[in-house]
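Reading through the structure tokens given below for one structure.
The values are calculated or read from the model by the stated rules, or taken from the named source; none is laboratory data. Predicted model only: the values in this text are computed from it and were never measured. Note that we place each Cβ from the backbone using ideal geometry, even for glycine, and neighbour counts take in every protein chain shown. Each accessible area value is taken on the protein alone, full model and side chains, heavy atoms only, with ligands, DNA and RNA left out. Shrake-Rupley method; radii C 1.70, N 1.55, O 1.52, S 1.80 Å.
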Amino acid sequence: MTRATGLSGACLDRRRLLQRVGGAAALATLGRTGFTIGVNAQDAVTITMWGNHPEWRDPMLEILAAFEEANPGIRVEFTAIPGPDYPAKLQTAVAGGAPSDVLGALEGSILTQVAAGGELPFIDLTGKIDISGLTDTARGQVEIDGKVYGTPLASYTVGIAYQKPIFAEHGLEPPATWQELKDAAQTLQDAGVTPIVLGAKDWVHPYFMYIGLSSAVMGPEGFDQLRAGERKLTDPDLVEAAQLLLDLQPFYQSGFQATDYVTAKAIFANGQGAMQVAGTADFSGYREVNPEADLGFMAWPGPEAGKYSTNTGMELLYTVSRFATPEAQEAATKLVAWLATLEAQQMVSDLIALPVHTGVTASSDPIRQETVAARGQDVIVWYDLPETNKTTDAASESQGGLWTGRLTAQQFAEEMQASIVPSTGAATPTA
């Protein structure tokens, strides 16, 4: 097919046609079956791309359709892989030399792999993409020693999602301190409402809850001290953050230890709990489960008024696979370069998550507006940085010990500290 013909017989551009025949649903049908404007389908270059948010599939297809419209000789085959399965699939694919052409590296991994040396699974894109419009945090993830390797798709901020109708029914405001959080949870429990929905079968919710509460204690300056070895997670005020995870245990849903991240999200989206650990990326999933969900977002409360935090990180860092053919590398480079543009990032902001381009100042999505408003004392997601990127491993191995009583809050803090290698030298977890 070389040209789209509209319902009236007049030629339509691709976006208008898709709007007429069903928007995102049409994108899922037309965008992946050889529908290419201005070029014979057999002459188009097809490149592969993986994502780790299945709930983003339709909006991602809409974003990619805009790219294809601007680059009619390129088709993108997009595959969405569940987030918990993505790291293992990517690792296996890279080891076998067969990842997607547009390689979605995990956040923090470009820094880590470049620092480690050796042959990289992605190519140097210096001079081929313009990242000058990206935020400092975004550039810091893909630009190392003057070389540019790609662009983040989007950013996200993690805090607490809450059910606005439940809070209103019980006369509650978003808590601003740990005591207010415990008081609100008690009020909800006394009224027969599950205060907090937690998926503790895997590491995701407990990990983000722990780093969020700890970040609220430290703030950005204290986190920099942690990275420099001047602060330790075994400091008494930070052990209290781990203790709060235990203190809140009576307020988690029944069976939380056996509930995985995806199931916990569905429970919360259906209104079977009042609060949940959540990032901006989660809200698309909530809406997919329950389009009527009326949700709000709040920062992590701290031990006292005025201390609070959010944690901001990057979504997949898109670069170009060194295993791809030269033709695919050229096409993939165009897509990665386009993802860093203001046009692409405005679509990201409106459809899926927080943008990484400084020129995007507004979003049509109210949750993303609320998230930006909540950020004031923001700490980067810990695994985005070399000093703290092993904390996920420590959390996944140790968080279960909190719930069984095998580990005290102090012992859990020691396990977490042992995973940190300060920039000034070797970790000293309990000294």
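One table, with the values for the structure above:
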item	result
Distance-filtered residues of region 295-331 - backbone nitrogen under 19 Å, label point 7 angstrom along A191 Cα→Cβ	295-298
For the chain, built as a Gaussian network whose Cα springs stay under 10 Å, the top-fluctuating residue of V142, V289, V277	V289
Magnitude of the charge dipole, region 290-354, Cβ model with Lys/Arg +1 and Asp/Glu -1, debye to 20	300
Acute angle (nearest 10 degrees) that the helix 236-247 long axis makes with the longest principal axis of the chain, alpha-carbon atoms	80
For region 287-431, convex hull of alpha carbons as volume per residue, Å³	220
Options T319, M218, P386, ranked by Cα towards positive dipole end of the chain, top entry (Cβ charges)	T319
Debye, to nearest 20: dipole size of the chain, +1 on Lys, Arg Cβ, -1 on Asp, Glu Cβ	940
Region 46-185, Rg to Rh (Cα coordinates; Rh as Kirkwood inverse mean 1/r)	1.09
Net dipole in debye of region 242-359 [+1 Lys, Arg Cβ; -1 Asp, Glu Cβ; about Cα centre; nearest 20]	200
Linear extension gain, R287 paired with E173, 0.36 nm per residue minus alpha-carbon span	38.8 nm
Positive-end residue of A66, N270, L354, charge dipole of the chain with Cβ unit charges	A66
Solvent-accessible area, 1.4 Å probe, carbon plus sulfur percent, for the chain	50
Distance in nm between pseudo-label sites at T404 and K128 (7 Å out along the Cβ direction from Cα)	4.8
Under 22 Å from K334, Cα to Cα: lysines that are on another chain or at least 8 residues apart	K128, K147
Per DSSP, loop chymotrypsin sites (Phe, Trp or Tyr not before Pro) in region 141-176 with at most 14 further Cβ within 10 Å	none
Sum of side-chain charges, L188 neighbourhood, beta-carbon under 15 Å (Lys, Arg +1; Asp, Glu -1)	-3
12 Å reach of a label modelled at D43, 7 Å along Cα-to-Cβ, counting backbone N of region 63-88	72-74
Computed E for S254/K164 - FRET, C-beta separation, R0 22 angstrom, nearest 0.05	0.40
Lysines whose Cα lies under 22 Å from that of K182, excluding same-chain neighbours fewer than 8 positions away	K164, K265, K307
Debye-sum result for region 202-241 in log10 I(q)/I(0), which assumes one identical scatterer on each alpha carbon, at q = 0.21, 0.35 Å⁻¹	-0.62, -1.15
Rounded to whole Å, sorted largest first: equivalent-ellipsoid semi-axes of region 222-288, Cα gyration tensor	30, 17, 9
Pairwise FRET efficiency - D247 versus L342, Cβ, R0 = 51 Å, nearest 0.05	0.65
Listed residues A395, A332, A373, most fluctuating in the chain (Gaussian network, C-alpha, under 10 Å)	A373
Mean residue ellipticity (222 nm) of the chain, computed from DSSP H runs ≥ 4 via -39,500 (n - 2.57), nearest 500	-13000 deg cm²/dmol
Candidates A409, A353, A116, ranked by Gaussian network fluctuation over the chain, Cα under 10 Å, top entry	A116
